[in-house]
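The values are calculated or read from the model by the stated rules, or taken from the named source; none is laboratory data. As the structure is a computational prediction, the values presented were derived from the model and not from experiment. Virtual Cβ from ideal backbone geometry, glycine too; neighbours counted across all protein chains shown. Keep in mind that these areas ignore ligands, DNA and RNA; they rest on the heavy atoms of the full protein, side chains included. Shrake-Rupley method; radii C 1.70, N 1.55, O 1.52, S 1.80 Å.
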Amino acid sequence: MQNQQIGEYKILGTLGEGGFGLVHKAVSSTTGTQVAIKVLHRESLGNEKVVKKFFHEAMILARLDHPNITRLYEFFPDGNAYAIVMEFIEGTTLKDMIVNHDGPIPYEKALNICLQILAAFEYAHDNGIIHRDIKPGNIMIDKNGVVKIMDFGIAKFSSAASAETRTTWKWGAPHYMAPERFQEDGEMDVRSDIYSLGIVFYEAFTGRKPFDSSDTIRVIFCHLNEPPINPSTLLENLPPHVSTAILKALEKEPDNRFSSCAEFASALAGEEGDLKRSSSRRAKPDDSTLILDETSIKKARQKKAAKPEREKPAKPRKKLPLHYLVGLCILGILILIAPFVADDILVFFRPAPGDMQPGTFKNPLGFKELVHPADKRMMVEIPAGEFTMGSDMFEGEKPVQRILLASYFIDKLPVTNADFARFVEETGYTTQVQERGFGWVREGMEWQKTTGAFWRMPDGVNAVEDEQMNLPVTQISHKDAEAYCRWAGKALPTEAQWEKAARGPDGRIYPWDNAMPTIDLAHFGQPLSSLPWPVGKTGSSSQSHYGVRDMAGNVYQWTKDWYAPHVRNYQNPKGPETGSEKVVKGGAFVEGPLSLRSSHRDRYPPDFSSNLFGLRCVCDSVPLHTAANP
């Protein structure tokens with residue numbers, strides 16, 4: 001079919017063929033844009049179910065606009081058939097990446113891919129779409145490492161009835177289906193997609209499926225009855241939080257899974273250390289979408305162990321806004337009448353792409369998060385706007401002012417030993433404390449000059465062990481902190497940026513609210529301790545208004561500003577031009593509760609290094625994810 005024309009598009013070649021149609025690579029004769037065109041086989045036009053599925057996919061894609069989802073350009077008749085014109089993705093499927101990789105995909109690359117996938121599905125779910133056919137073969141990774149989700153052919157609007165019907169429950173790839181897909185009274189919602197994503201992520205990290213059998217009945221039985229093997233037993237040193245997140249997504253009962261992809265992403269994202277990889281079997285190329293026969297499903301059900309019936313609480317139905325109801329009615333009418341209406345009615349055009357970046361999703365508090373491609377660390381967007389800075393409690397914190405800041409991104413958690421180790425390994429950097437041969441260690445209320453103290457031995461006695469690589473890095477001078485940030489394509493936060501990320505727009509005293517700190521909220525009041533806690537230990541209970549964590553206690557954090565008591569500029573203040581001491585914020589594990597207040601500020605010479613000082617970074621914007629060709 002090469003060099004033939006479909007509408008304004010010249011066919012360059014065939015990309016693939018399925019049971020019901022072809023996908024061609026083509027180029028627009030008007031814009032020169034390369035596209036992918038999906039066209040139904042002529043013989044499929046008599047199959048009402050197939051035609052409706054084809055129309056349905058076009059309707060779904062027309063509704064979605066996200067950088068991690070394949071974009072729809074047009075949907076129009078092609079003679080007696082129909083064509084969907086989509087974004088052309090030059091890259092590989094996740095399925096091929098898993099099958100062709102020599103062992104498991106490297107951890108950081110797999111995590112990057114999984115977080116982008118979750119960003120796409122968080123957006124789709126927020127727009128009322130459940131995919132229902134998630135599998136590695138429907139996930140593309142382009143040449144820049146950007147994920148693109150494909151094939152919404154059996155997706156559904158989550159506002160529709162949640163019980164599966166006999167016309168839809170048999171479609172799909174059994175290895176990736178949620179248990180409720182095989183139950184007579186099974187109900188589908190976003191948690192069914194989350195289960196499928198758990199299967200995909202299990203395979204992405206370990207190189208094998210949790211239920212890997214060529215016997216479909218056996219696979220269905222395992223989904224219904226068998227717990228998966230802990231992925232940590234298949235991949236040496238896989239971070240525990242990754243295994244825990246995947247296993248939670250794979251819970252048999254939907255109520256025990258994550259309730260959203262944002263929750264899944266928050267649990268999955270963590271601070272990566274130096275990880276060893278164990279060998280593992282490659283994935284088998286058997287994730288094709290099947291039309292399951294009812295006999296197979298019944299056999300698997302019959303093998304299911306008997307369990308006592310539990311009464312399920314009734315789920316309240318959400319009322320939809322009127323414009324959604326109207327839109328759904330129109331879409332339903334179009335699907336029903338599509339084969340019988342005039343050609344010129346069935347044309348859809350794609351709007352210009354949005355401004356969300358690949359891998360972006362909203363955290364449970366509603367603020368954007370994404371992984372920075374340079375140091376692979378999660379960042380939170382702090383939107384532009386005013387906040388209250390300073391306090392009247394101490395002279396150095398005065399005056400109380402309203403400050404206006406432009407938007408920026410800040411690290412969700414402080415930089416860890418593992419992060420700093422990657423920086424040192426890649427650059428050969430030597431810290432100031434290593435050059436001078438000593439650092440400062442806090443013992444009780446006194447600073448002790450300690451020979452041999454540096455970031456790998458913060459107290460000068462005990463070396464950082466492998467299991468302590470997720471502790472915040474310390475014994476870092478201001479110069480060292482700036483060097484790390486430059487390597488990561490970022491900068492240290494100004495004092496105003498740090499304080500806004502901690503206090504939020506409502507001027508709270510502590511990141512969580514105005515309540516005094518407790519041991520559940522922060523690591524503080526331990527003058528005899530020598531070690532901070534691992535980053536993120538206090539979880540979401542102590543996070544700020546924006547979802548930024550570890551902003552009170554544990555370790556102080558350097559800021560960009562020189563210290564001086566002064567009236568600040570109203571807009572984007574940056575502190576004085578010169579000075580002798582830099583501002584540190586956040587308090588530390590040896591300090592009392594007053595030092596944990598977000599307005600508290602202390603200051604030290606920029607070459608000062610101690611076991612209480614760490615860092616986090618900011619940037620104005622986060623570049624697109626980049627990666628070597630898969």
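Table: residues versus (1) surrounded by fewer than 21 Cβ atoms within 10 Å (Cβ to Cβ); (2) part of a loop (DSSP other than H, G, I, E, B).
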{"residue": "381", "(1), (2)": "yes, no"}
{"residue": "388", "(1), (2)": "yes, no"}
{"residue": "391", "(1), (2)": "yes, yes"}
{"residue": "410", "(1), (2)": "no, no"}
{"residue": "413", "(1), (2)": "no, yes"}
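Where residues in the range 468-493 are of a type outside the set (A, V, I, L, M) and open to solvent by 10 Å² or more (accessible area, probe 1.4 Å), which of them is nearest to residue 431 (Cα to Cα)? The qualifying residue nearest to residue 431 (Cα to Cα) is 479. Among the criteria (1) out of contact with any helix residue (DSSP H, G or I) (no Cβ under 8 Å at 6 or more places or on another chain); (2) buried (at least 24 other Cβ atoms within 10 Å of the Cβ), the one residue 581 does not fulfil is (2).
Residues that are in contact with a strand residue (DSSP E or B) (Cβ under 9 Å, 6 or more places away or on another chain), open to solvent by 40 Å² or more (accessible area, probe 1.4 Å) and at pLDDT below 85 do occur in the range 66-75. For the range 179-186, the condition holds for at least one residue, the condition being that it is at pLDDT below 80, among the acidic types (Asp, Glu) and open to solvent by 20 Å² or more (accessible area, probe 1.4 Å).
The residues of the range 80-132 that are hydrophobic (A, V, I, L, M, F, W, C) and part of a strand (DSSP E or B), listed by number, are 81, 83, 84, 85, 86, 129, 130. Within the range 430-450, is there a residue that is of a type in the set (Phe, Trp, Tyr), assigned to a helix (DSSP H, G or I) and touching a residue at least 60 places away in the same chain (Cβ under 8 Å)? No - not one qualifying residue is present in the range 430-450.
Residues that are basic (Lys, Arg), farther than 19 Å from residue 535 by Cα and open to solvent by 10 Å² or more (accessible area, probe 1.4 Å) are absent from the range 451-465 altogether.
May I ask you to list the residues in the range 6-18 that are open to solvent by 50 Å² or more (accessible area, probe 1.4 Å), touching a residue at least 12 places away in the same chain (Cβ under 8 Å) and not basic (Lys, Arg)?
7, 8, 12, 14, 15
Counting only residues that are part of a helix (DSSP H, G or I) and farther than 15 Å from residue 562 by Cα, the range 479-498 holds 6 of them. If you take the residues of the range 19-45 that are in a loop (DSSP other than H, G, I, E, B) and surrounded by 13 or more Cβ atoms within 10 Å (Cβ to Cβ), which of them is modelled with the lowest pLDDT? Here the answer is 20. I'd like to know if the range 199-216 contains one or more residues that are free of Cβ contacts under 8 Å to residues at least 24 places away in the same chain, open to solvent by 40 Å² or more (accessible area, probe 1.4 Å) and assigned to a helix (DSSP H, G or I). Taking every residue of the range 199-216 in turn, none turns out to be free of Cβ contacts under 8 Å to residues at least 24 places away in the same chain, open to solvent by 40 Å² or more (accessible area, probe 1.4 Å) and assigned to a helix (DSSP H, G or I). Hey, does the range 531-551 have a residue that's loosely packed, with under 14 Cβ neighbours inside 10 Å, assigned to a loop (DSSP other than H, G, I, E, B), in contact (Cβ under 8 Å) with a residue 40 or more places away in the chain and not β-branched (Val, Ile, Thr)? No, the range 531-551 contains no residue that is loosely packed, with under 14 Cβ neighbours inside 10 Å, assigned to a loop (DSSP other than H, G, I, E, B), in contact (Cβ under 8 Å) with a residue 40 or more places away in the chain and not β-branched (Val, Ile, Thr).
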